[in-house]
Every structure is written in structure tokens, then in C-alpha cells.
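A.B. asks: The structure follows.
The values are calculated or read from the model by the stated rules, or taken from the named source; none is laboratory data. Since this is a predicted model, take the numbers as computed values, not measurements. When we count neighbours, we look across all protein chains shown, and the Cβ atoms used for this are built from the backbone with ideal geometry, even at glycine.
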Amino acid sequence: MNPDTEAVVQCLREAEHGHLSALSPGEILLAALVLNHPEWLAQMGHTIASALDYIGPDWAAAVPRLAAMLSEATA
């Protein structure tokens, strides 16, 4: 895991526990996609497509890998 990925995984773990206030809008959108919370997207006025555009292609491509990492960590 590179340092960016480690920091994002930490943000995702915070989001899992409902600690969204300390996260940036991009981190919240990424968390919504990774953790499958479309209601967070809606609350922010985003669709899945607009959230993917907002976080950019590199992080969008990482969504499945990040979801798998979190799933493995909680298994």
C-alpha cells in the first residue's frame, strides 16, 4: 500500500463509523462509492457518475480494490 492509499483507507474506516465531518468532500464521495452508500451521494447532490467524475479516474479505478481491502479487513 502506498502512503496515499493508507491515508484513504484510514478515511474509509472513519467513514464506516460515521465520522464524516473531518473528511473532505472528495473523501466522502469516495467513501460513499466504496462503502455502497448512495444516500451520501444524494445528500451531497451527486449521482454515481458525477461522484466518479469528481474523484477522478485514478481513484475511480481504485474503488473495487479499496472495497475488497476493507472487506478483507473486517472478515
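A.B. asks: Only one residue in VAL9, VAL34, VAL63 is at pLDDT below 95 and surrounded by 11 or more Cβ atoms within 10 Å (Cβ to Cβ), so which one is that?
C.D. replies: That would be VAL9, the only listed residue that is at pLDDT below 95 and surrounded by 11 or more Cβ atoms within 10 Å (Cβ to Cβ).
A.B. asks: Go through the residues of segment 52-62 one by one and say whether even a single one is more than 13 Å from LEU12 (Cα to Cα), among the aromatic types (Phe, Trp, Tyr) and without any contact (Cβ under 8 Å) to a residue 24 or more places away in the chain.
C.D. replies: No.
A.B. asks: Out of all the residues in segment 36-64, which are of a type in the set (D, E, K, R) and touching a helix residue (DSSP H, G or I) at 6+ places or on another chain (Cβ under 9 Å)?
C.D. replies: Within segment 36-64, GLU39, ASP53 meet the criteria.
A.B. asks: Which one is farthest from VAL8 (Cα to Cα), of the residues in segment 19-35 that are of a type outside the set (A, V, I, L, M) and in contact with a helix residue (DSSP H, G or I) (Cβ under 8 Å, 6 or more places away or on another chain)?
C.D. replies: Ranking the qualifying residues of segment 19-35, first place goes to PRO25.
A.B. asks: If you scan segment 5-45, which residues turn out to be farther than 19 Å from MET69 by Cα, part of a helix (DSSP H, G or I) and hydrophobic (A, V, I, L, M, F, W, C)?
C.D. replies: Hits for segment 5-45 are TRP40, LEU41, ALA42.
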